[in-house]
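Worksheet for the structure shown next.
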Amino acid sequence: MTDTPTVAYVCDAGFLAPTLVSLHSLLSHRKGPVEVHVFHLGEVTGIERPLDRLRAEFPQARLHSARLELPAIEAEQHWTAATYGRLFLPGLLGRRVIYLDGDTLICDDIIALHQADLGGRPMGAVRDYPVERWHAHRSRGLFRRTLPWFAHIARMEPLLDGASYVNTGVLVLEGGDPAHEAIFAELADLAAALRFRAEHQTHFADQDWINHVMKGRITHLAPAWNLLWGNAKSDKRPLSRAQRKAHAAARAAPGLFHYVGSAKPWRDIPAPQDWMKLDALERYRRAMVPALRCLGPDISEMLER
């Protein structure tokens, strides 16, 4: 393995601006060389100018953009065809690649993910915190009311493993290893992924597919590398003492915040009541200032739409 991490984003025109803000945060914390690929679906105008600005500010970075061709997929309220692009990254790049969603904010050197020990498994990811917390409640018989998406996870077992279910907004994919070629080929079978979604009415689009295909083949990464809006209430029971300790370490030294859901930090949204979510929001707002200064007025305008 080289000392140069390979990172990939996949977006469409509607998510280009936050993706570039995420990329700026990544480069701001990278202390050495890095190679980044921004794959986009369809025509995305205006991508090269902000990339050139990033190249000028971060000369240690090799930045690439390329159009990714996917079959037509019907968009949904919170999902577009771009969400399936991550399935193809191991085959496209042929080496270890760190995939990042565009609604992320990197707070530490990404080299930690590049050097993560996956124990011979094809994929590393962080447990999905809401599912982790739900599972802790369920295992202790504490839930009287189950939200629809948690009921969905319970219904999907044993196709999915609720106890080890991961969020797929941050992935370490061990491409280029012949031992994993077959499983990555299965993962990249888009027709099968769409059939799986239709047959099982899955709630989380390709995330459920990835958890299904990779069941038993995932190395869990530290919570610091995928804090979902700060992982609210992660200091409370019914999480175990070991889980609370891991989340406390993540809050003390966050690697990456992930702004899941329909409310996004670059939009005009009410201040969260939970202090962990509020901290996550304020961190993003502070990071936007140097990012937009670098990226230029066009990206500022795109974020305001």
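At a glance:
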quantity: Whichever residue in segment 267-280 is closer than 25 Å to ALA205 by Cβ and part of a helix (DSSP H, G or I) and, among such residues, is least open to solvent (accessible area, probe 1.4 Å); calculated: ALA280
quantity: Check on LEU281, in contact with a Ser or Thr (Cβ under 9 Å, 6 or more places away or on another chain) and closer than 17 Å to GLY102 by Cα; calculated: no
quantity: Test: residue in segment 210-218 that is touching a strand residue (DSSP E or B) at 6+ places or on another chain (Cβ under 9 Å), surrounded by fewer than 17 Cβ atoms within 10 Å (Cβ to Cβ) and in contact (Cβ under 8 Å) with a residue 40 or more places away in the chain; calculated: yes
quantity: Meets criteria (assigned to a helix (DSSP H, G or I) and out of contact with any Cys (no Cβ under 7 Å at 6 or more places or on another chain)) for ALA246; calculated: yes
quantity: Counted residues, segment 192-224 - those being among the hydroxyl-bearing types (Ser, Thr, Tyr) and part of a loop (DSSP other than H, G, I, E, B); calculated: 1
quantity: Residues satisfying the stated conditions in segment 157-191, i.e. among the aromatic types (Phe, Trp, Tyr) and either open to solvent by less than 10 Å² (accessible area, probe 1.4 Å) or in a loop (DSSP other than H, G, I, E, B) (or both); calculated: TYR165
quantity: Every pair of residues 6+ apart whose Cβ atoms lie under 8 Å, when the first sits in segment 191-207 and is basic (Lys, Arg) while the second is in a loop (DSSP other than H, G, I, E, B) and open to solvent by 60 Å² or more (accessible area, probe 1.4 Å); calculated: none
quantity: Which numbered condition GLY141 fails, given (1) surrounded by 18 or more Cβ atoms within 10 Å (Cβ to Cβ); (2) at positive phi; (3) not charged (D, E, K, R); calculated: (1)
quantity: Test: residue in segment 28-37 that is in contact with a Phe, Trp or Tyr (Cβ under 9 Å, 6 or more places away or on another chain), within 30 Å of GLU181 (Cβ to Cβ), in contact (Cβ under 8 Å) with a residue 12 or more places away in the chain and open to solvent by less than 10 Å² (accessible area, probe 1.4 Å); calculated: yes
quantity: Residue within segment 151-161 that is of a type in the set (Gly, Ala, Ser), under 28 Å from LEU16 (Cβ atoms) and touching a Gly at 6+ places or on another chain (Cβ under 9 Å) present; calculated: no
quantity: Lone unmet requirement of (1) open to solvent by 50 Å² or more (accessible area, probe 1.4 Å); (2) touching a Lys or Arg at 6+ places or on another chain (Cβ under 9 Å); (3) not charged (D, E, K, R) for GLN115; calculated: (2)
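Conditions tested, residue by residue: (1) of a type in the set (D, E, K, R); (2) surrounded by fewer than 21 Cβ atoms within 10 Å (Cβ to Cβ).
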| residue | (1), (2) |
| --- | --- |
| HIS220 | no, yes |
| ASN231 | no, no |
| ARG244 | yes, yes |
| ALA252 | no, yes |
| LEU256 | no, no |
| PRO265 | no, no |
| ARG286 | yes, yes |
| CYS294 | no, yes |
| PRO297 | no, yes |
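The values are calculated or read from the model by the stated rules, or taken from the named source; none is laboratory data. Just so it is clear, the model here is predicted, and its values are computed rather than measured. All Cβ positions, glycine included, derive from the backbone under ideal geometry; neighbour counts span all protein chains shown. Please note that ligands, DNA and RNA were not included when accessible areas were found on the heavy atoms of the full protein model with its side chains. Shrake-Rupley method; radii C 1.70, N 1.55, O 1.52, S 1.80 Å.
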